[in-house]
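Heads up: the structure comes next, in structure tokens.
The values are calculated or read from the model by the stated rules, or taken from the named source; none is laboratory data. The shown structure was predicted, so the numbers you read here are calculated from the model rather than taken from an experiment. All Cβ positions, even for glycine, are placed from backbone atoms using ideal geometry, and neighbour counts span all protein chains on display.
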Amino acid sequence: MKRIANGRRLALALTTILALTGLAATVALAGGSPGGPPDKLVIAYQPGIGYAPLIVIKDQRWIEKRYPGTQIEWKVLASGAAITDGVIKGDIHVGAGGVGPLLVGWARGVDWKYIAPLNEGDLWLMAKDPSIKTIEDLRGKRIAMPSPTSIQAMVLRKMAQVKLGDAKALDRGIISMDHPDAMQALLSGQIDAHLTSPPFQFQEKVRGAHVIARSYTYFGAHSFLGAMVTQKFYDEHTAFSKALYQDVVRAIALIEKNPDRVAKILQADAGGSPTNRQFKQWITNPALKYTTRPRGLVRFAAFMNRIGAISRMPSSWRELVFPPVYPTKGS
Amino acid sequence: MQSSSSPAAATALSEPLRRPRVVGWGRLPAWLRFTLLLAALVGLWQAYVSLKDVNPLLFASPRAVAEAFVDGWRDGTIPRATWTTVKVLALGIGIGALVAAVLTVFATLTKIGDDLLVLLTSILNPLPGVAVLPLALLWFGLNTNALLFVIANATIWPIAINVTTGFRTVNPTIVAVGRNIGLSSRRLVTDVLAPAALPHTISGLKAAWAFGWRTIIAAELVFGVSGADGGLGFYINNAKLYLRIPQVFAGLVTIAILGVLFETVFGVLERRTVVRWGMKTVPATSGGGEG
Amino acid sequence: MASTLDNVSRTREQPANGSRSTGEPLLSVEHVRLGYWTPAGFNLAVGDVSFEVQRRERIIVIGPSGCGKSTLLKAIAGFISPAGGEISVAGRTAPPPGPDRAVVFQEFDQLFAWRTVLDNVAYPLRVNRRRRADATASARQFLELTGLGHAADRYPHQLSGGMKQRVAIARALALEPAILLMDEPFGSLDALTRARLQGELNAILDRTHTTLLFVTHSIDEALVLGDRVVVLGNAPSTVQELVDVRDVGAPDSAAYADMRRRLRRLLANKGEEVDENAVFV
């Protein structure tokens, strides 16, 4: 009797494990049909005007018009980590994010590359307290940025290495916060500094914070954001991927040619505020330059490899982008 | 009555007492049963990972986890994170216990204190510890004090409820005996009420530990203190950000081991006190060989 | 020792005779009124009770349930104060609780669960400024007296009900009280154990000469243990009669049977039905 009950229980446990295994396998396989455009497509980016080219593509419905049979979903996620997770799990097909997560993921075996870099961006280290003037003043202070693997975190370490002689000198102070929260925290004095990005650095400057350092000083002009897909996705949907690259090129051209119109698009996307003019000022600010040409990827990789954030090095910038980007002569 | 021994009765008596038949598994000692089960689970886990070709960015093999675990202990990152977490937790529970003691004394001595405790407990106890974190961050800033506040808040209430109940349910006779043998009020509290309420106090501390432990890990996951100040929750989160999945698992294993360790400490404490004194029955988990 | 202690009957000699008549009483209860507050108002349990207890005397307080006999004992112990009248012990009026009136309760849970049997007896001595070694030696002695020498290192939960009550008795006696107060200490025991403990108590008191005030609702217990019996009536109770039971002899004697009948009548007269089970213990 007892033995039978035990046996039954064991069988139940085994069945459950097998069922779960099968389920996991099924979930992993479900993606899209091989060849041609995908049946379903999820594109994810984060808040910020750095993603303006994608917002234009979304607003103009270029992809939807080209592939009417494809079900397309646009997602705005608060963190780069959420986008990384989504791409790894296969829930997100096109994910947009900074150079930091791209390189961390690439080095750890996430089979992804930039299908289209979006811009170069000068990232500013902001402080509000007038007594904090230089990087040396930041020892023991609390510095907000999106995450310890973000491009901002790598920039901070470079600054620490150059100015303080130790890349990890300011690590203790790193606080993970998304930019809108960090801006509030900086302005209300809860944190001491914020390594941020456009447009938050512009807004903070207007509201009384000052710039301590700029990323271009340490890395030269460098790529900031880009749209990533996996090698598998690129292989299966090569035509779609190439078209996506062309869409980004077209959107960037529109931003350059007609910033007023793009500002309107961005304002509508943001729900009506701030003003049109504000958006135009931001997208025309030289701290942010929209381009599909990757710059400084290898320099970033070398630095991250040196401080132990990544364990392997790309042999060339081409290893981090797909063929449509090759003609841009990046670095 | 009559000693007329029928053959049936004779055999029934002469036959040795039949032990209930146990199947092979149940006859093994408890530690072996659990070790075997654990080994089987780990084996299944390894088999799943090796046969199924799972994405190493989503799931780690036991082998990789073991390596990450050993490396983490060797290079000092896991012990440092563990120490940070345990230190903050101990301090938080200490503060919680102190506040709980004050509240309990107040509640035991006065009716208004009792009402206050009932009110505060019914409002604040159901709040998940982490829910208070945003407010704590606002009040204390992004530092350890916010964590301490959250832990203290998560631990005050279970301790206060249990100790108050313990004091209130002390058998009046034993208190009368205490007064009868000539104890002062102070010694009545320390020598009679406190030991008599010990089972409740231990339950309170156990609950506080469980709440505090869950709360601090959750809070550290949310709370972005970095670098050398990060505890286990931060360790796990950081490992995840760097996509070091075996380290994520190693962090979880550390948490599980610590959990078992603390349970064991409380178990020993209980066996040496309230179980030994017959104030609490022995939990019938690790009993011998019944099938 | 065990054989004499096992004897259920009344075997003791009569040492109290001489000392009883002389001097002031050890305990005097004068027109004491006792009650308690209920939501409905003040409820008087003891209406007007007076009696005196001499040194070395063994007084039994008996009465129907609810007559306030336990309340009276608690008042003598100092736990509650009377609503009227006066209690004085060795000349002190209304003394606070203290070891000079050591109490043995009915409940088995009157022992400190977290102390060993030995420490349950020794600890109260230490509380009363006896040195540790002295207290331990004394505790051992009284445990031997109650036949518990072998159980000194056990914890109370490892003892039977009868053993627990013996520890409580040893603890109370070790304090060398002026008067030992016992509140139905054998009330929760089975009949056999109860009879044995009654015999043992008699034998021990014969040795220690302790003054006793014992509350019970069992007539047999009163007859086996007492010198005099205070019979209380229904609440609010008064003293129905003070009966001298010193000379009733063994339970099988005619005098014992007469006295038993007399007490039953006294209790039954008050309209309260007498608990037959209790009486025939």
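For C:Gly161, are the conditions met, namely being at positive phi and in contact (Cβ under 8 Å) with a residue 24 or more places away in the chain? It is false that C:Gly161 is at positive phi and in contact (Cβ under 8 Å) with a residue 24 or more places away in the chain. Within region A:86-97, if we keep just the residues that are out of contact with any Leu (no Cβ under 8 Å at 6 or more places or on another chain) and more than 19 Å from A:Gly48 (Cβ to Cβ), the residue that is farthest from the other protein chains (Cβ to nearest Cβ) turns out to be A:Asp91. Can you confirm whether region A:276-288 contains a residue that is surrounded by fewer than 21 Cβ atoms within 10 Å (Cβ to Cβ), of a type outside the set (A, V, I, L, M, F, W, C) and within 30 Å of A:Gly90 (Cα to Cα)? No: region A:276-288 contains no residue that is surrounded by fewer than 21 Cβ atoms within 10 Å (Cβ to Cβ), of a type outside the set (A, V, I, L, M, F, W, C) and within 30 Å of A:Gly90 (Cα to Cα). Is one or more of the residues making up region A:137-159 under 13 Å from the mean Cα position of the chain (by Cα) and either of a type in the set (D, E, K, R) or surrounded by fewer than 24 Cβ atoms within 10 Å (Cβ to Cβ) (or both)? The answer is no; no qualifying residue exists. Please tell me if A:Arg306 is within 25 Å of A:Gln161 (Cβ to Cβ) and in the same structural domain as A:Gln203 (by TED's automatic domain parsing). So A:Arg306 does not fit the description; no. Has region B:70-85 got at least one residue that is touching a helix residue (DSSP H, G or I) at 6+ places or on another chain (Cβ under 9 Å), closer than 16 Å to B:Leu243 by Cα and at the interface with chain A (Cβ under 10 Å from one of its Cβ atoms)? No: region B:70-85 contains no residue that is touching a helix residue (DSSP H, G or I) at 6+ places or on another chain (Cβ under 9 Å), closer than 16 Å to B:Leu243 by Cα and at the interface with chain A (Cβ under 10 Å from one of its Cβ atoms).
From the list A:Ile43, A:Ile115, A:Ile63, the lone residue that is under 17 Å from A:Arg250 (Cβ atoms), in contact (Cβ under 8 Å) with a residue 40 or more places away in the chain and part of a helix (DSSP H, G or I) is A:Ile63. Say whether the condition of being away from chain B (no Cβ under 14 Å) and either in contact with a Pro (Cβ under 7 Å, 6 or more places away or on another chain) or assigned to a loop (DSSP other than H, G, I, E, B) (or both) is met by at least one residue in region A:98-110. No: region A:98-110 contains no residue that is away from chain B (no Cβ under 14 Å) and either in contact with a Pro (Cβ under 7 Å, 6 or more places away or on another chain) or assigned to a loop (DSSP other than H, G, I, E, B) (or both). Taking region C:152-162 as the range and being of a type in the set (A, V, I, L, M, F, W, C) and within 17 Å of the chain's Cα centre (by Cα) as the test, no residue passes. Taken over region C:40-61, the criterion of being among the hydrophobic types (A, V, I, L, M, F, W, C) and either within 14 Å of chain B (Cβ to nearest Cβ) or surrounded by fewer than 16 Cβ atoms within 10 Å (Cβ to Cβ) (or both) is satisfied by C:Ala40, C:Phe42. Among the residues of region C:62-97, those that are within 14 Å of another protein chain (Cβ to nearest Cβ) and closer than 16 Å to C:Tyr36 by Cα comprise C:Ser70, C:Thr71, C:Leu73, C:Lys74, C:Ala75, C:Ile76, C:Gly78, C:Phe79, C:Ile80, C:Ser81.
Which is closer than 23 Å to C:Trp114 by Cβ and within 14 Å of another protein chain (Cβ to nearest Cβ), of C:Arg132, C:Arg166, C:Arg171? The match here is C:Arg171. For region A:137-174, the candidate set comprises residues that are farther than 19 Å from A:Tyr216 by Cβ and among the small types (Gly, Ala, Ser); within that set, the residue that is farthest from the other protein chains (Cβ to nearest Cβ) is A:Gly165.
On inspection, C:Thr210 passes the criterion of being closer than 30 Å to C:Gly147 by Cβ, at pLDDT 85 or above and of a type in the set (Ser, Thr, Tyr).
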